[in-house]
There are 2 protein chains.
Amino acid sequence: MAYRAPVSEMRHVLWEVLHAERLAETGRFQDATRDVIDAILDEAAKVMEGVVAPTRRIADLRPAVLENGVVRTPPEVAAAFRALAEGGWIGIAADPDHGGMGLPSTVLCCVNEMMSAANLSLALCPLLSQGQIEALEHHADERLQALYLPKLISGEWTGTMNLTEPQAGSDVGAVRTRAEPKGDGTYAISGQKIYITWGDHDVAENVCHLVLARLPDAAPGTKGISLFLVPKFIPDDGGAPGEANALRVVSLEHKMGLHGSPTCVMEYEGARGWMVGEPHRGMAAMFTMMNAARLGVGVQGLSQADAALQEALAYAQDRRQGRTPIQGVETIAGHADVRRMLLTMTALTATARAICLDCALSIDMAAATGDGAWGARTALLTPIAKAFGTDIGCEVSEMAMQVFGGMGFIEETGIAQFYRDVRVTPIYEGTNGIQAMDLVGRKLMDGGTAARALIEEMRATGVEMTGRFGGALSGAVDELAATTEWMLAAEINDRFAGAVPYLRAFALCLGGHYLQQSAGTGDGPRRQVAAFHLTRMLPEVHALCAQARCGAEQLEAWEIGA
Amino acid sequence: MAYRAPVSEMRHVLWEVLHAERLAETGRFQDATRDVIDAILDEAAKVMEGVVAPTRRIADLRPAVLENGVVRTPPEVAAAFRALAEGGWIGIAADPDHGGMGLPSTVLCCVNEMMSAANLSLALCPLLSQGQIEALEHHADERLQALYLPKLISGEWTGTMNLTEPQAGSDVGAVRTRAEPKGDGTYAISGQKIYITWGDHDVAENVCHLVLARLPDAAPGTKGISLFLVPKFIPDDGGAPGEANALRVVSLEHKMGLHGSPTCVMEYEGARGWMVGEPHRGMAAMFTMMNAARLGVGVQGLSQADAALQEALAYAQDRRQGRTPIQGVETIAGHADVRRMLLTMTALTATARAICLDCALSIDMAAATGDGAWGARTALLTPIAKAFGTDIGCEVSEMAMQVFGGMGFIEETGIAQFYRDVRVTPIYEGTNGIQAMDLVGRKLMDGGTAARALIEEMRATGVEMTGRFGGALSGAVDELAATTEWMLAAEINDRFAGAVPYLRAFALCLGGHYLQQSAGTGDGPRRQVAAFHLTRMLPEVHALCAQARCGAEQLEAWEIGA
């Protein structure tokens, strides 16, 4: 079936759950009124459904290829990229001074969900440009900004991130790529980078690499890393791509999914680069970008969940197998276990969307108001959005395949592609284990203030509710609160040992809270989904919290491989 | 890394946990002594490690192709099949009167785990022959047995199962393929069958199809289905493959995994077939085979879990990223969250192996003693073995990919292949939802006798244990027992609504029981794995049981798609 952008669901979350009208009440986002945002979502839906989605399977079947040192993509995919660029969708959150639309992250989050659902492998290209735009806006000097931002925002050029090296994955501090000052304000960059998404292609006229590298006098570890902008073609004074830089694509990876996205091994051979930000402060600049990117990857996971759920709902309401106990439902959607799967998928997807949009709204409110509490909320929600969004992206795709049965395992139905594509999202941009460690480590370093504030919000929702649903939410939130206090009192490695179940428990409690807000006082399908979540999913919080409090001793004592 | 057959672990389960010495105390399996079984496992390990495992990736990269109506496989894969056939591994459990070795299912289960781990897509070919051998042993007349069994057992010919049609998947009763009596004792079979694994190939000289079809006077539904043996080449009187039968391969499916196994759409165009068993009793005959096949598919899931776990353990003990808190462990195996994943994978895999071997031992003891209690135990354990074995096959492969990080998403490391290959196992041979419905439906129709007997075994293990581990097991088993009583008192659709979490809870309790038995009084790694399971995994039982008891009302009330 054709992808249908979930605009009405997004609006419901924005206006009924998160009260995003608050955005237009700030000076910074005064133009982002409800009407404006609603209209933008409709426009985005049109291009994502009509232009981008039809290229999803093409991108899977005809991966980009490396020919004579240049990466070539199918013309249909390149055309979809041009449509995104020309529609202004790459720069919707970028600074209007350089051609962006200055819209809030909240809108970006919705648009990027649709773009990712429509064709994730293609979406990665504009998504990486967006990350680079944000990094340059915050850290580059005016000359670099003036030269690069308009081109990146218009999509004439695209951006990449170059962090990983064979020995430096999760341990970014192990980066060895070197940057030698050339004496003219530029640097000669040398080294190999791997997993460079859209590291080369023919969909735009220049590729701009942000590269982590070490100056000659750099300290070991993350404190000796600087950030450089290294274009494929060096812009001339008029800003036209000129001389080819000393860099090349060594090879493309053969991946399980995201075939349409060329993943490059890049070799820098004394390539000319320009420093972005301060010497040895590259990680700080990178973190600006990575925080937004983490939310963005959570949205990628969410997008695959929603698209796979749409397919499963349609299939289950069409396929007939056996008699069902529900009068008038003759398809497999009448079987209790199929309904259980579909409701689980619905509840998880709705939870992830609310978490991601709450995180995005917090980013905007922090930027617009300067209020530290919004910043702390953003910081706390970011690892949850990334890890939960991508975990449920995998789980929902997995259940969609189960709903399809044997047909799901056949590539032509397209479910297998969701399953293959989404699987890297819990890995890249910081594995979900690292996200969870960030949550129980850095994000609790405020003494628990931000976590407690969010827990109190959830608790208030539980208190407002009557009957067993309210009890289920309150009980789960109490368990989460107790576990949070346990974490705050525990040694760091004991926290790490329970980090993944703790993050999951936090997300499920948030789900109970948001879904209850979403259902309001109504009794339609939203109430039914909320009731399902409160009854069926919240019991897991207790198990997860028990696991979260187990500590590291048992893990460390294990004689692995003995 | 190269696959290492887990022979020492299998032996430990057989002799220390399940006391499989009991086999040789029966008349039927008196030759299956500990020495004999140990020696057979060693021999099997040699051929699976040395001959079969090297073809796993070849089979993935060079799928079988359909050329001029004939399926062609890579010569390396065909050679590995010949080695399995010539080593006698196809017929190790078959009747010695027809050339088999008459070994117990318990041994078959171990050998098939190794064979499936070594190359699952290839293993499916002998596995299907084994299923056909069993069906013919039980239901075919002597002439058919004499003609076909020696050829199938020797691997000169292979067998397939033809159940599914486009409109008849989980609902086998919807089969439309027709069988017209020709008046000479044979039948003309006409219709289309899909998902026919190894439906054609060039690794053996004949392909024998077991086909479900309807006689002209058949009743609707499953009561009107008969079973027919339809060879590709009709054997002449001397048993040599002669005239080509009126059947053909229409096409091969493009699957997400198991590329090495040709999945055929078969067209029967008045093909000559011989009836197996009684008219209209085809489902009964098919069920004989399907019960064994369900355990077999559980073992397939287990095999992928074990092989993926081996890879993850090796990688985690080699890859260095960041400093770890454990003195002397400088690889990622020192990080708490990586250890959590590896221990989870270890505990789940060990649980699945014990369940599968207990099920196999029950099959053997039932056959050898005729004791109905063993039969009931087999019946109860079969859906658990199938669903849990395949679910954890997916989960462990998934976690293995997470341990590998970005490298796991790259096809060359081989982890992605496990992830892709194993995913169909929770679907075929009855989806895991159907297994769970079988457990809470048909398998509780004895009034709960078999379930209570197994629960009492687990309870006794808990009682024997001191301290909090014993309490954890007893608490989980009590919850399972209460949920079992709830199921017995509930309407069928309420049972179905909680079937999947109930099956999972049952399996996790069994895991606590087996792992405790496995650890015994020692305090080495087996004790550590058991302690991990009891502390970390058993809390889930309480959440699962709560979900199991939710009933169908909430699910049925959902206004899907509204």
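The values are calculated or read from the model by the stated rules, or taken from the named source; none is laboratory data. Being a predicted model, the structure only gives us computed values, none of them experimental. Heads up, the Cβs are rebuilt from the backbone with ideal geometry, glycines too, and the neighbour counts pull from every protein chain shown. Side chains included, ligands, DNA and RNA excluded: accessible areas come from the protein's heavy atoms. Shrake-Rupley method; radii C 1.70, N 1.55, O 1.52, S 1.80 Å.
Some notes on this structure:
- Test: residue in region A:356-370 that is touching a Phe, Trp or Tyr at 6+ places or on another chain (Cβ under 7 Å), open to solvent by less than 10 Å² (accessible area, probe 1.4 Å), within 14 Å of another protein chain (Cβ to nearest Cβ) and of a type in the set (Gly, Ala, Ser): no
- Contact annotation: residue pairs with Cβ atoms under 6 Å, 6 or more positions apart or on different chains, pairing a residue in region A:216-227 that is under 17 Å from A:Ser170 (Cβ atoms) with a partner that is in a loop (DSSP other than H, G, I, E, B) and modelled with pLDDT of 95 or more, are A:Ile225/A:Val175.
- Some residue of region A:533-543 being touching a Phe, Trp or Tyr at 6+ places or on another chain (Cβ under 6 Å) and either under 20 Å from B:Gly561 (Cα atoms) or not in a loop (DSSP other than H, G, I, E, B) (or both): yes
- Across region B:1-30, the number of residues qualifying as small (Gly, Ala, Ser) and without any contact (Cβ under 8 Å) to a residue 24 or more places away in the chain comes to 2.
- When B:Ala347, B:Ala292, B:Ala307 are checked against the criterion of being in a helix (DSSP H, G or I) and open to solvent by 10 Å² or more (accessible area, probe 1.4 Å), a single residue qualifies: B:Ala292.
- Residues (open to solvent by 10 Å² or more (accessible area, probe 1.4 Å) and in contact with a Ser or Thr (Cβ under 8 Å, 6 or more places away or on another chain)) located in region B:316-344: B:Gln317, B:Asp318, B:Arg319, B:Arg320, B:Gln321, B:Gly322, B:Thr324, B:Glu330, B:Thr331, B:Ile332, B:His335
- Filtered residues of region A:257-289 (kept if open to solvent by 30 Å² or more (accessible area, probe 1.4 Å) and under 15 Å from A:Ser116 (Cβ atoms)): none
- A residue that is in contact with a Gly (Cβ under 7 Å, 6 or more places away or on another chain) and closer than 24 Å to A:Ile326 by Cα occurs nowhere in region B:521-541.
- Members of region A:284-298 that are farther than 16 Å from A:Ile427 by Cβ and touching a Lys or Arg at 6+ places or on another chain (Cβ under 9 Å): A:Leu295
- Residue count for region B:540-562, restricted to those that are facing chain A (nearest Cβ under 7 Å), surrounded by 17 or more Cβ atoms within 10 Å (Cβ to Cβ) and small (Gly, Ala, Ser): 3.
- Annotation: of all residues in region A:234-256 being over 20 Å from A:Tyr187 (Cβ atoms) and out of contact with any Pro (no Cβ under 9 Å at 6 or more places or on another chain), the one that is most open to solvent (accessible area, probe 1.4 Å) is A:Gly238.
- The single condition among (1) under 17 Å from B:Gln517 (Cβ atoms); (2) of a type in the set (Ser, Thr, Tyr); (3) within 14 Å of chain A (Cβ to nearest Cβ) that B:Thr349 does not satisfy is (3).
- The helices (runs of 4 or more DSSP H) found wholly in region B:423-508 and carrying at least 2 residues that are at negative phi, of a type in the set (Lys, Arg) and surrounded by fewer than 23 Cβ atoms within 10 Å (Cβ to Cβ) occupy B:449-464.
- There is at least one residue in region B:92-105 that is assigned to a helix (DSSP H, G or I) and surrounded by 18 or more Cβ atoms within 10 Å (Cβ to Cβ).
- Residues (more than 9 Å from chain A (Cβ to nearest Cβ) and more than 20 Å from A:Gln167 (Cβ to Cβ)) located in region B:397-413: B:Ser397, B:Met399, B:Ala400
- Criterion applied to A:Ile384, A:Ile392, A:Ile410 was being out of contact with any Pro (no Cβ under 6 Å at 6 or more places or on another chain), open to solvent by less than 30 Å² (accessible area, probe 1.4 Å) and without any contact (Cβ under 8 Å) to a residue 40 or more places away in the chain, and the one residue passing it is A:Ile410.
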